[in-house]
Amino acid sequence: MADAARAARLGDRIKVIVAQALERRVKDPRLGFITITDCRVTNDLQHATVYYTVFGEEEQQASTRAALESAKGVLRAEVGKNITARLTPTLTFVADEVPVNASHVEDLLRTARERDAELAAQASGAAYAGEEDPYRKPAEDDEDDADR
């Protein structure tokens, strides 16, 4: 069993190798503007999951997914040549959902900022229903009576 640190180092190396191989070796016209974002290797170094993002519409993402599946053998052979592990890990390509989730979070934050601005505008002209400080305070006369 390999340790997690070695698996992480191997994942980083595989990420670089796959990105370079996609740039230099794979000449598939279906391959769109792709970015390899991460690679995670299991602790036994048998399987590698490569995360990627594709700039473009849904049809470009689907064609890139098909191009990656067809080039999986070439990419695995390239990884096997360039790593020092006894076995070459299998490659699984997964579309990275981080950019989609990040845009959703940005939309939520924008909505929250707009609501905060509306509340601040409403609060600027508001007046207290009663006194400014509604809590009871001991009267100063009571303190003088306690000293006697």
Everything considered on the Cα gyration tensor (a ≥ b ≥ c; rounded for a/c under 1.5, else prolate if a/b is larger than b/c, else oblate), segment 1-76 must be described as prolate
For the chain, the accessible surface attributable to carbon and sulfur atoms (probe 1.4 angstrom, ligands and nucleic acids excluded) amounts in percent to 50
Amide H within-cut-off set for GLY32, under 5 Å, with H built and near neighbours excluded | THR64
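Do the sum for the chain: with -39,500 (n - 2.57) for every DSSP H run of n ≥ 4, divided by all residues, what is the mean residue ellipticity at 222 nm, to the nearest 500 deg cm²/dmol?
Details: 5 runs with 80 residues, N = 148.
Taken over the chain, the calculation gives -18000 deg cm²/dmol.
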First select every other residue whose beta carbon is under 12 angstrom from the beta carbon of ALA66; then total the charges, Lys and Arg +1, Asp and Glu -1.
-> 0
Correct response: the longest run of the chain lacking exposed chymotrypsin sites (Phe, Trp or Tyr not before Pro), defined by DSSP loop and at most 16 other Cβ within 10 Å, is 1-127
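Restricting attention to segment 1-100, which trypsin sites (Lys or Arg not before Pro) occupy a DSSP loop and are surrounded by at most 16 other Cβ atoms within 10 Å? Mind dumping the intermediate values first?
Details: sites: ARG6, ARG9, ARG13, LYS15, ARG24, ARG25, LYS27, ARG30, ARG40, ARG65, LYS72, ARG76, LYS81, ARG86; in loops: ARG25, LYS27, ARG30, ARG86.
Loop-located and lightly packed - ARG25, LYS27, ARG30, ARG86.
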For every other residue with a beta carbon closer than 12 angstrom to the beta carbon of GLY11, add +1 if it is Lys or Arg and -1 if Asp or Glu, then tell me the sum.
-> +3
Given labels modelled 7 Å from the Cα in the Cβ direction, how far is it in nm from ARG136 to SER70?
-> 8.3
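How high is the relative contact order of the chain? Use alpha-carbon pairs under 8 Å, at least six apart in sequence, and give a whole percent. Kindly include the intermediate steps, with their values, before the conclusion.
Numbers: 147 pairs, mean separation 31.4, N = 148.
Reported relative contact order: 21 percent.
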Taking θ as phi - 60°, what are the ³J(HN,Hα) couplings along segment 90-99 by the Karplus curve (6.51, -1.76, 1.60), each to the nearest whole Hz, with x for Gly and Pro?
-> 6, 10, 10, 9, 10, 5, 7, 9, 4, x
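Where in the chain lies the longest segment free of GluC sites (Glu not before Pro) that are both loop residues by DSSP (not H, G, I, E, B) and have at most 14 other Cβ atoms within 10 Å? Mind dumping the intermediate values first?
Working: sites that count: GLU57, GLU97, GLU131, GLU132.
Result for the longest clean stretch: 1-56.
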³J(HN,Hα) across segment 102-115 via Karplus (A = 6.51, B = -1.76, C = 1.60, θ = phi - 60°), whole Hz, x for Gly/Pro?
-> 5, 5, 5, 5, 4, 5, 5, 5, 5, 5, 5, 4, 5, 5
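Hey, what did segment 1-75 get for relative contact order, percent, Cα under 8 Å, at least 6 apart? Intermediate values should be presented prior to the final figure.
On the way: 92 pairs, mean separation 25.4, N = 75.
Here the relative contact order equals 34 percent.
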Extending each Cα 7 Å along its Cβ direction at ARG115 and ARG86, get the distance between those two points in nm, one decimal.
-> 5.7
How far is it, in nm, from the label point at VAL98 to the one at VAL16 when both lie 7 Å from their Cα along the line to the Cβ?
-> 1.8
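Taking K and R as +1 and D and E as -1, what net charge do the other residues with C-beta under 14 Å from the C-beta of ALA77 add up to? Before the final figure, lay out each step's value.
Working: positive: ARG24, ARG25, LYS72, ARG76, LYS81; negative: GLU78.
Spelling it out: positives minus negatives among the neighbours equals +4.
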With percent of Cα pairs over 24 Å apart defined as stated, name the option among (1) 56; (2) 51; (3) 47 computed from the structure displayed.
-> (1)
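Return one whole number: the accessible area per residue of the chain in Å², for a 1.4 Å probe. Show your work: numbers first, answer last.
On the way: 10950 Å² over 148 residues.
Per residue, the chain has an accessible area of 74 Å².
The values are calculated or read from the model by the stated rules, or taken from the named source; none is laboratory data. Not measured: the values here are computed from a predicted model. Using ideal geometry, Cβ is built from the backbone for each residue, glycine included, and neighbour counts are taken over all protein chains shown. Note: areas computed on protein heavy atoms with side chains; ligands, DNA, RNA excluded. Shrake-Rupley method; radii C 1.70, N 1.55, O 1.52, S 1.80 Å.
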